[in-house]
Amino acid sequence: METRVSRLLKTKYPVIQGGMAWVAEYHLAAAVSNAGGLGLIGAASAPPEVVREQIREVKKRTDKPFGVNVMLLNPNAADVARIVIEEGVPVVTTGAGSPAKFMEAWKQAGVTVIPVVASVAMAKMMERAGADAVVAEGMESGGHIGAQTTMALVPQVADAVQIPVIAAGGIADGRGVAAALMLGAEGVQMGTRFITAKESIVHPGYKERVIKARDIDSEVTGMSTGHPIRVLRNQMSREYLKMEKEGASFEELEHLTLGSLRKAVVDGDVVHGSLMAGQSAGLVKKEQTCEEILTELMQEATELLTKTFE
Ligand code: TUI
């Protein structure tokens with residue numbers, strides 16, 4: 001499938017893998033890129049030199065385009081921003097803030113810049129700042145989220161900007177891809193479906209929770225602190241929400257979650273870990289290779305887009 005997004009990314013499919021903290025490391029990124037999507041390294045809060053090593057490991061495993069997601073709450077974001085230029089990374093996506101201050105350096109270096117936005121205002125600001133495309137991410141997504149739904153946000157962003165729009169949030173199969181295109185997007189970004197990819201290094205216990213998740217099994221913590229995070233419900237999320245309701249301070253809540261994503265991804269601690277995942281976890285049924293995921297996804301979408309209704 002060719003769209004403005006696949007042409008911009010130079011990929012077979014207009015599909016980006018989410019830049020998930022801890023999850024989006026080089027094995028997954030290289031596998032997604034080799035399967036025709038755009039694999040991403042999620043820099044998250046990793047030390048900048050670790051990000052450089054991750055980039056080099058991807059390059060060893062694929063000659064296809066890939067990208068890095070720069071998480072803007074990271075105090076080291078400026079160092080990561082410089083490293084992606086030094087390493088000649090073709091595509092950068094950003095999350096959890098405005099990348100305006102890095103835009104000029106990236107554009108000058110020929111990096112394709114795709115900010116993740118959660119509102120029309122931010123999408124317009126990013127277009128003015130020189131972004132090549134935007135990811136419009138609905139609150140169905142896992143991790144750090146905005147407040148608008150994908151269904152309502154994507155067409156409003158598509159009306160507001162000329163640059164291509166990539167839809168994210170709640171998309172995990174070909175129906176979601178077809179729907180996103182109908183809403184005016186020219187590509188999709190998926191995170192949750194790739195957590196359970198065979199090539200994903202995520203602990204089997206976390207993968208199992210995603211596979212077993214029902215529609216109602218995620219919840220949003222941190223609504224009151226201004227850092228809403230969608231996770232699968234467990235002891236950790238229940239404790240967090242209880243403390244939040246009792247008026248715990250931001251510092252106390254931060255302390256509770258310190259290192260909790262690592263616990264889930266690396267140690268498979270599904271009790272005390274943060275199981276970040278989107279509402280689409282209910283659609284994820286099995287472990288598959290990235291090649292299987294992308295082939296199935298695009299075949300389903302293509303069939304639906306040529307379907308006639310009686
Ligand atoms: O960034 C994400 N998702 C993430 S980042 C992350 S790591 C993390 N861990 C613990 C605490 C906080 C973060 C886990 N999940 N998605 C992209 C995204 N960006 N969603 C929403 C936004 C966003 C929000 C506000 C983008 C821009 C924005 O602008 C606000 C402003 O005015 O600066």
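Considering only the range 124-137, state which residues are out of contact with any Leu (no Cβ under 9 Å at 6 or more places or on another chain) and either more than 9 Å from the ligand (Cβ to nearest atom) or outside any strand (DSSP E or B) (or both). Show your work before the answer.
Just the residues of the range 124-137 that are out of contact with any Leu (no Cβ under 9 Å at 6 or more places or on another chain), to begin with: 124-131, 134-135.
Matches in the range 124-137: K124, M125, M126, E127, R128, A129, G130, A131, V134.
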(request) Could you please let me know if Q189 is surrounded by fewer than 24 Cβ atoms within 10 Å (Cβ to Cβ) and at pLDDT 95 or above? (result) no
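If you check V116, V177, V91, which single one turns out to be crowded, with 20+ Cβ neighbours inside 10 Å, within 15 Å of the ligand (Cβ to nearest atom) and within 19 Å of L9 (Cβ to Cβ)? Quick ask: steps written out before the conclusion?
Values: V177 fails: within 15 Å of the ligand (Cβ to nearest atom); V91 fails: within 15 Å of the ligand (Cβ to nearest atom).
Answer to the selection: V116.
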(request) Name the single residue, out of those in the range 254-265 being modelled with pLDDT under 95 and assigned to a helix (DSSP H, G or I), that is most open to solvent (accessible area, probe 1.4 Å). (result) H255
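For (1) under 18 Å from K10 (Cβ atoms); (2) within 16 Å of the ligand (Cβ to nearest atom); (3) open to solvent by 20 Å² or more (accessible area, probe 1.4 Å), each residue gets a yes or a no:
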{"site": "G42", "(1), (2), (3)": "no, yes, no"}
{"site": "A46", "(1), (2), (3)": "no, yes, yes"}
{"site": "E49", "(1), (2), (3)": "no, no, yes"}
{"site": "R52", "(1), (2), (3)": "no, no, yes"}
{"site": "I55", "(1), (2), (3)": "yes, no, no"}
{"site": "V58", "(1), (2), (3)": "yes, no, no"}
{"site": "R61", "(1), (2), (3)": "yes, no, yes"}
{"site": "K64", "(1), (2), (3)": "yes, no, yes"}
(request) Report the residue count in the range 28-46 for those that are among the aliphatic types (A, V, I, L, M), farther than 10 Å from V68 by Cα and part of a helix (DSSP H, G or I). (result) 4
(message) Tally up the residues in the range 219-248 that are in contact (Cβ under 8 Å) with a residue 24 or more places away in the chain and either in a loop (DSSP other than H, G, I, E, B) or open to solvent by 20 Å² or more (accessible area, probe 1.4 Å) (or both), please.
(response) 8
(request) Return the pairs, sorted by first residue and then second, in which the second residue is at pLDDT 95 or above, the first residue lies in the range 111-123 and is in a loop (DSSP other than H, G, I, E, B), the beta carbons are less than 6 Å apart, and the residues are 6+ apart or on different chains. (result) V111/V92; A118/E137; A118/G146
(message) Of everything in the range 237-259, what is touching a strand residue (DSSP E or B) at 6+ places or on another chain (Cβ under 9 Å) and within 16 Å of the ligand (Cβ to nearest atom)? Give them in sequence order.
(response) S237, Y240, L241, E244, L253, T257
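The values are calculated or read from the model by the stated rules, or taken from the named source; none is laboratory data. Note that the structure is predicted; figures quoted are calculated from it, not measured. Cβ: placed from backbone, ideal geometry, glycine included. Neighbour counts: every protein chain shown. Remember, those area values only see protein heavy atoms, side chains included, never the ligands or the DNA or RNA. Shrake-Rupley method; radii C 1.70, N 1.55, O 1.52, S 1.80 Å.
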